[in-house]
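Notes for the one structure printed next.
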Amino acid sequence: MSLFLLFELSIIVAFVLDLLFADPFWIPHPVVIIGKGITFLERNLRKIFPDTPTGRRTAGGVMAFLIPITTFVVTMGPCILAYLIHPAVFFCLHTFWCWQAIAISGLAREARNVYRKLAPQVDLEAARKAVGRIVGRDTKALDEAGVMRAAVETIAENFSDGVAAPFFYMMIGGAPLALTYKSINTMDSMVGYKNDVYIDFGRHPAHLDDVAGYLPARLGALLWILAAKLTGQNARNAWKIWRRDNRNHASPNSAQTESACAGALGVQLAGPAYYFGELYEKPTIGDALRPIEADDINRTNRMLYAASALTLILCLTVSCWTLIL
């Protein structure tokens, strides 16, 4: 079997493994290891560089260089070695890392857990805790609608970060490049905050994440609109709201799939939110054609699965055409 076929088949098998098993807690995840590396580097770089705006930005820039490069080298090396040992060894390793690079079923499972706390009976405190597992905002003061919005927004936004972007880079450079993207995204999620602690240190990591996610986020939005059509949601309104509201976020990428999702459902997402006890006045996304409801979580999950399947099909198709041409 050729390397190309092994490559394509491993991506398909990884997709199926994610659908079946999500991310088993007992298997060490690369993101956890990457996160520990980020914490280690931050602690030591802050000691090395002066505690000034310029020093902190320089330290963050060094991290933004070292983390992706290290991730790529540490993952590409074993892939090459595995192929030299035997193609079957490469297939197993590459499949495993492709599986770990995507996050579909785990996200959907957490979202369903939020739904179960809201329907048929509402346990608001439990729902807040459940949604707190998948969002970065403060959840203690969220009302019922706020919990629903947070869950829907997270599913839509994380489709871009956890599915569209990893598949995009997987298509270009396999699991090593997909995991390199995950390292950039993890770095942004840990230090890319605009608060007193990270406004300087996190500038370069946040900008790198914006650049790395730019094309996948827009591709993901288009695929989400198509997924809305396939799952019986309002694809025309999804297109309309995406065109209008895709920049309604501090990040150039975060509102891409969120706006498509808001339009597909006919609800309003985003708006002001608390992070680390501080209120951030964020613009709204979408029109409140109707109040958001718990079933919107399930509708968003269906669009997530459909959009993920479309992403896989697109990536494999592009890879095949590239080989032919």
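Residue-by-condition table, conditions (1) surrounded by fewer than 22 Cβ atoms within 10 Å (Cβ to Cβ); (2) among the charged types (D, E, K, R); (3) more than 18 Å from residue 298 (Cβ to Cβ):
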residue	(1), (2), (3)
111	no, no, no
116	yes, yes, no
119	yes, no, no
132	yes, no, yes
141	yes, no, yes
175	no, no, yes
Next on the checklist: I'd like to check something: does region 229-237 contain any residue that is hydroxyl-bearing (Ser, Thr, Tyr), surrounded by fewer than 24 Cβ atoms within 10 Å (Cβ to Cβ) and assigned to a helix (DSSP H, G or I)?
Outcome noted: no
Item to check | Matching option when the condition is hydrophobic (A, V, I, L, M, F, W, C), under 21 Å from the mean Cα position of the chain (by Cα), more than 30 Å from residue 41 (Cβ to Cβ) and modelled with pLDDT under 95, among 270, 228 | outcome: 270
Item to check | Residue match in region 148-166 (condition: more than 18 Å from the chain's Cα centre (by Cα) and assigned to a helix (DSSP H, G or I)) | outcome: yes
Item to check | Selected residue [closer than 30 Å to residue 3 by Cα and surrounded by fewer than 24 Cβ atoms within 10 Å (Cβ to Cβ)] from 106, 146 | outcome: 106
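Here is a check on your reading of the model: is residue 172 among the aliphatic types (A, V, I, L, M) and within 19 Å of residue 258 (Cα to Cα)?
Details: among the aliphatic types (A, V, I, L, M): yes; within 19 Å of residue 258 (Cα to Cα): no.
Spelling it out, it is not the case that residue 172 is among the aliphatic types (A, V, I, L, M) and within 19 Å of residue 258 (Cα to Cα).
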Checklist outcome for this item: All-but-one check, residue 252 against (1) within 19 Å of the chain's Cα centre (by Cα); (2) at pLDDT 95 or above; (3) not hydrophobic (A, V, I, L, M, F, W, C), failing number (2)
Next on the checklist: Please determine whether any residue of region 21-41 is at pLDDT below 95, more than 17 Å from residue 187 (Cβ to Cβ) and outside any loop (DSSP other than H, G, I, E, B).
Outcome noted: yes
Item to check | Unique residue being part of a helix (DSSP H, G or I), surrounded by 17 or more Cβ atoms within 10 Å (Cβ to Cβ) and hydroxyl-bearing (Ser, Thr, Tyr) when the list is 54, 71 | outcome: 71
Checklist outcome for this item: Restricted to region 310-325 and to residues being buried (at least 16 other Cβ atoms within 10 Å of the Cβ) and either without any contact (Cβ under 8 Å) to a residue 24 or more places away in the chain or of a type outside the set (Val, Ile, Thr) (or both), the residue nearest to residue 256 (Cα to Cα) is 310
Checklist outcome for this item: By residue number, the members of region 241-285 that are charged (D, E, K, R) and in contact with a strand residue (DSSP E or B) (Cβ under 7 Å, 6 or more places away or on another chain) are 245, 258, 282
Checklist entry - In region 259-288, which residues are closer than 23 Å to residue 122 by Cβ, of a type in the set (A, V, I, L, M, F, W, C) and surrounded by fewer than 16 Cβ atoms within 10 Å (Cβ to Cβ)? => result 288
Item to check | Selected residue (criterion: farthest from residue 200 (Cα to Cα)) from residues of region 20-51 that are surrounded by fewer than 15 Cβ atoms within 10 Å (Cβ to Cβ) and of a type in the set (A, V, I, L, M) | outcome: 20
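Take region 289-304 and flag every residue that is closer than 24 Å to residue 164 by Cβ and buried (at least 18 other Cβ atoms within 10 Å of the Cβ).
Pass one, region 289-304, residues closer than 24 Å to residue 164 by Cβ: 292, 296-304.
Scanning region 289-304 gives 292, 296, 297, 299, 300, 301, 303, 304.
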Checklist entry - Here are 223, 265, 215, 314: which of them is touching an Asp or Glu at 6+ places or on another chain (Cβ under 7 Å) and either of a type outside the set (Val, Ile, Thr) or at pLDDT 95 or above (or both)? => result 265
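The values are calculated or read from the model by the stated rules, or taken from the named source; none is laboratory data. Source: prediction; values computed, not measured. No Cβ is skipped: glycine too gets one built from the backbone with ideal geometry, and neighbour counts run over all protein chains shown.
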